[in-house]
Every structure is written in C-alpha cells, then in structure tokens.
Amino acid sequence: MAKTKRIAAVTMVRDDQFFLEKWVKYYGSHIGDENLYIIFDGEDQKIPDYCSKVNTIINKRIEGTVQRADKGRINLINAEANRLFSQGYEVVIGCDVDEFLIVDPKIEVPFAEYISSIKAKCVSGLGLDVGQDMRTEKSINKDIPWLSQRHAAKVSTRETKPCVMTRQGKWGRGFHRQMRRMCTIDENLYLFHLGCIDL
C-alpha cells in the first residue's frame, strides 16, 4: 500500500445538523475524525455529540450582508487551512458542509491514497449538483446511502471547486476559486453538491 500523507478537511457551519453528521461520517471514515476541523459560526452553536473526536472551533457570529459575511467566513477558513499546513499537514480539503469529494470507484484506489498522490498545488473535482426527481423520488431516508436514493445530477461549473490544496494558498468566497493560482480538474475526482438533494 502506498504511503498516505497527512490530510485535513475543513468546513464552516451554522444551524446545520442534516448535512454536518453526514460530512463528519464521510470524511472521518477516509482520513480520521482527528483530522477534521469544523468552524461553528456563532457562540450560540451547540457542538453535537458525534463531533466528540473532531477538532471544533466556535467563532463569534459573522454578521452583515451575505457578501460581507461570506468574505469573513472564507478568511477564517483560509487562516485555519494555512495554520494546518504550518502544523505539518500536507494536503487540506476545504468545502461546504453539503459537499462531498469522491474518488471514482472504477479506479479502485482508497480515498486517502488517491488524495496523497496529487502533485498539483490545487485540484478540483468535477462538480455534480444532485437533485430530487419529484415525480419518482421520496424524501431522503437518512439511514441508508443518499446516492442510492437519487438518480440525477447536473454537471456544474459552479460546483467544480478547487477544494484540494497541497500548498498554502487562498480560497475565494464559497471555495469557488483559488486566488492567483491555476487549478487542475482531476479526471478521477467528483465533487457532489447535495444542497438540493431533498425538497
């Protein structure tokens, strides 16, 4: 088995239990709960029990317009990502709590091993916006795999985000770009956006 690098994943969240639990379980299963970093937006936020082994940061609520608040949030995330690099992490994955980076199962390479093999400074997965077919698909059952309950997605340039960094850098708002850096779309990575998975 190939040596895996130290990989961290970071996100920021407010008032979200629906996606956060899935985010923790998914990324934790691949890189370990101890390598997950969650910033909670607001001192009124309660840390769920399933985050007991995760690194959590409760930040003062970022107020203001959507645009101003988004800038404040990504600044915090960038500072955390760069801190993680300075503490010895070799790869940092950054994404929203409703986004899941998937290695194409056809290549049969474990997640951490594949991510460790990335040489580019910045990599995107092909964005797929998963939706609900209201004619044939019921509400999501949280206890069974979500993608087994959904059968349609739209390829999305907006969701094709540069979510993997192998060097210190700076994401733009919403992880939609890397500042002053060209990024590669990896042919074996997909970024599933599940924000529209259930009405």
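The values are calculated or read from the model by the stated rules, or taken from the named source; none is laboratory data. Owing to the predicted nature of the structure, the values given are computational and were not obtained by experimental measurement. Note that we place each Cβ from the backbone using ideal geometry, even for glycine, and neighbour counts take in every protein chain shown. Protein only, heavy atoms only, side chains kept; ligands, DNA and RNA dropped before computing areas. Shrake-Rupley method; radii C 1.70, N 1.55, O 1.52, S 1.80 Å.
On a full-extension model of 0.36 nm per residue, what is the gain between SER148 and ILE57, subtracting their alpha-carbon distance, rounded to one decimal in nm?
Once the chain is fully extended between SER148 and ILE57, it gains 29.5 nm.
How do MET165, MET134 rank by accessible surface area computed with a 1.4 Å probe, from largest to smallest?
The ranking, largest first, comes out as MET134, MET165.
How much accessible surface does ARG6 have with a 1.4 Å probe, in Å² rounded to 10?
110 Å²
Any idea what log10 I(q)/I(0) is at q = 0.14, 0.26 Å⁻¹ for the stretch 81-127, Debye with uniform C-alpha scatterers and no solvent?
-0.41, -1.21
Quick one: length gained pulling ARG158 to THR184 fully straight, 0.36 nm per residue minus the C-alpha distance? Intermediate values should be presented prior to the final figure.
Details: separation 26, 0.36 × 26 = 9.36 nm, distance 1.47 nm.
Computed gain between ARG158 and THR184 is 7.9 nm.
Please report the Cα spread of the stretch 48-160 along all three principal axes, rounded to whole Å, starting with the longest.
Taking max minus min along each principal axis of the Cα atoms, the stretch 48-160 gives 46, 39, 33 Å.
Of LYS5/LYS121; LYS5/LYS142; LYS5/LYS106; LYS3/LYS119; LYS46/LYS121; LYS5/LYS161, which ones are farther than 24 Å apart at the Cα?
Long pairs (Cα-Cα over 24 Å): LYS5/LYS142; LYS46/LYS121.
Using a ≥ b ≥ c from the Cα gyration tensor of the stretch 24-89 (square roots of the eigenvalues), is it rounded, prolate or oblate, where a/c under 1.5 gives rounded and otherwise the larger of a/b and b/c decides, a/b for prolate?
It comes out oblate by the Cα gyration axes.
Multiplying the sequence separation of ARG177 and LYS25 by 0.36 nm and subtracting their Cα-Cα distance, what value in nm do you get?
52.1 nm
Give me the one-decimal nm value for the distance between modelled label points at ARG68 and ASP44, 7 Å along each residue's Cα-to-Cβ direction.
Rounded to a tenth, the inter-label distance reads 1.8 nm.
Is the shape of the stretch 137-197 rounded, prolate or oblate, going by the alpha carbon gyration tensor and its root eigenvalues a ≥ b ≥ c, with a/c under 1.5 for rounded and a/b larger than b/c for prolate?
Prolate shape, in that a/c is at least 1.5 and a/b is the bigger ratio.
Would you mind getting the Kirkwood hydrodynamic radius of the chain from its Cα pairs, rounded to one decimal in Å?
Numbers: mean 1/r = 0.0577 Å⁻¹.
So the Kirkwood estimate lands at 17.3 Å.
Counting Lys +1, Arg +1, Asp -1, Glu -1, what net charge surrounds ALA81 among other residues with beta carbon under 12 Å of its beta carbon? Present the calculation step by step, with values, prior to reporting the outcome.
Numbers: positive: ARG83, ARG167, LYS170; negative: GLU80.
For residues surrounding ALA81, the net value is +2.
Positive end of the charge dipole of the stretch 29-96 (Lys, Arg +1 and Asp, Glu -1 on Cβ, about the Cα centre): tell me which of ILE77, SER52, VAL92 has its Cα farthest that way.
Comparing the listed Cα positions along the dipole, ILE77 ranks first.
Would you tell me the accessible area of HIS151, worked out with a 1.4 angstrom probe on the heavy atoms of the protein chains, in Å² to the nearest 10?
150 Å²
Taking the full set of protein chains and a 1.4 angstrom probe, give the accessible area of TYR50 in square angstrom, rounded to the nearest 10.
60 Å²
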